[in-house]
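For reference, the structure discussed in these notes is given below.
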Amino acid sequence: MAVKVFHHLQDLKNWVRETRTAGKSIGLVPTMGALHAGHLSLVEKSLEKTDRTVVSIFVNPTQFGPQEDFAKYPRTLEKDLAALESVAGDREMVVLAPSATEMYPAGFETFIEVGGAAKPLEGSCRPGHFRGVATVVLKLFLLTECDVAFFGQKDFQQVQVIRQMVRDLNVPVEIGMCPIVREADGLAMSSRNRYLSPEARQRALALSQSLHQAKQHLRQGIREVSVLEAEMRKILESHPNHQVDYVAIVHPETLLPQSEKIVFPVAFLLAVRVDETRLIDNLLVESETEI
Ligand code: AMP
């Protein structure tokens, strides 16, 4: 079955009405395109759990800061559609690929004011980022009338910000979080990995290696937050062209930093600039038995 592509919101709304009338459930996978296996794992989950899937492909201008990579962000719609066709097979999927003016027509001026989970880490490095994310995600929820929306653990703080919004505003959407998909050598898949030179791509392994080391250290019984953090930094800062934005050891729900000894569940979150490319990665350890 060919995947339908909607560029206009009205066409999507007609499809949603027909889907609702047919009594089918709707899954949503919001993306900015340049799809890789990480995105496709969310799509696969949605196809499995719901009757019909909407994949949105929209490079959302409101979540980029003025100095960020909005203009150069990869846009590969034809390739993305081919990848989605092959994942969908004969299952029902549509793609929403609207223009910026379709999503933000002249006169648009309402934004979601995000709460505490949006303040630290990505929120402080990228002011306004989560305001833009929450606003576009709520618009997509309303447009698609989805029952479930699927997000990646790769953007762990984003999931927490969206969960908070859904709780606070009584949004009737279930949030599914899918595991991080990695390259064979451990690098978390990201649309931004393509910015890396082959040499920087090798150095970027510092992120996953530092998380792997943290897990090893937990296994060895090390529980001092300061020791774990310092050891992670050593790996991340092993090259002069790596600039660490943060290494954070936090409670996964509140995102408040842990101090002294590790308490489970715990999340290790990091953001590092490898040359000019800003990469994020994380590790979630739910309980002591998991390590
Ligand atoms: P993006 O296109 O970067 O906005 O990502 C769209 C969705 O895909 C978000 O929910 C991301 O967390 C998720 N995602 C991106 N990279 C990965 C990955 N390597 N593994 C799992 N999910 C991912």
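We did not get these values from a lab; they are worked out from the coordinates using the rules stated. What you see is a predicted model, and the numbers here were worked out from it, not measured in a lab. As a convention, Cβ positions derive from the backbone with ideal geometry for all residues, glycine included, and neighbour counts pool all protein chains shown.
As a ratio to 2.2 N^0.38 Å, the alpha-carbon radius of gyration computed for region 177-265 takes the value 1.17. Note on Leu205 and Ala37: their simple-model spin labels are 1.6 nm apart, each label 7 Å out from Cα toward Cβ.
If the segment from Phe264 to Ala100 were pulled out straight at 0.36 nm per residue, it would be longer than the present Cα-Cα gap by 54.9 nm. In sequence order, region 150-167 has phi-based couplings of 10, 10, x, 4, 3, 9, 4, 5, 4, 4, 5, 5, 6, 4, 4, 4, 5, 5 Hz under the Karplus curve 6.51 cos²θ - 1.76 cosθ + 1.60, θ = phi - 60°, and Gly or Pro positions carry x. Taking the charge dipole of region 213-278 about its Cα centre, with +1 at Lys and Arg Cβ atoms and -1 at Asp and Glu Cβ atoms, the residue from Ile262, Gln216, Val250 reaching farthest to the positive side is Gln216. Region 191-230 and region 20-93 have Cα centres lying 28 Å from one another.
Here region 169-217 is assigned +1 on the Cβ of each Lys and Arg and -1 on the Cβ of each Asp and Glu. Its dipole about the Cα centre then comes out at about 140 debye.
Treat the count of other C-beta atoms within 10 Å as a stand-in for reagent exposure and order Arg131, Arg223 from fewest to most. Present the calculation step by step, with values, prior to reporting the outcome.
Details: Arg131 18, Arg223 15.
Placing the least packed residue first, the sequence is Arg223, Arg131.
Helix 225-236 and the long axis of the chain differ in direction by around 80°, with both axes built from C-alpha atoms. A simple rule links phi to the HN-Hα coupling: the Karplus curve 6.51 cos²θ - 1.76 cosθ + 1.60 with θ = phi - 60°, which for region 207-224 gives 5, 5, 5, 5, 6, 4, 5, 4, 5, 4, 5, 4, 4, 7, x, 6, 10, 6 Hz, with x for Gly and Pro.
Each residue of region 135-146 is assigned a 3J(HN,Hα), and the resulting list reads 5, 5, 5, 5, 4, 5, 4, 5, 5, 8, 6, 5 Hz, derived from the Karplus form 6.51 cos²θ - 1.76 cosθ + 1.60 (θ = phi - 60°), x at Gly and Pro. Compared with the dominant Cα axis of the chain, that is its longest principal axis, helix 9-21 is turned about 80°.
FRET efficiency for the Cys125 to Leu9 pair, using the beta carbon distance and R₀ = 25 Å, is estimated at 0.20.
Structure remark: mean-square fluctuation, Gaussian network model of the chain, C-alpha springs under 10 Å; the largest value among Gln220, Gln243, Gln157 belongs to Gln220.
Cα-Cα over 22 Å: which of Lys49/Lys79; Lys49/Lys154; Lys49/Lys215? Pairs exceeding the cut-off: Lys49/Lys79; Lys49/Lys215.
Can you check what the net charge comes to around Val181, using other residues whose Cβ is under 14 Å from the Cβ of Val181 (Lys, Arg +1; Asp, Glu -1)?
Values: positive: Lys45, Lys154, Arg182; negative: Glu44, Asp155, Glu183, Asp185, Asp281.
Cβ neighbours under 14 Å give a net charge of -2.
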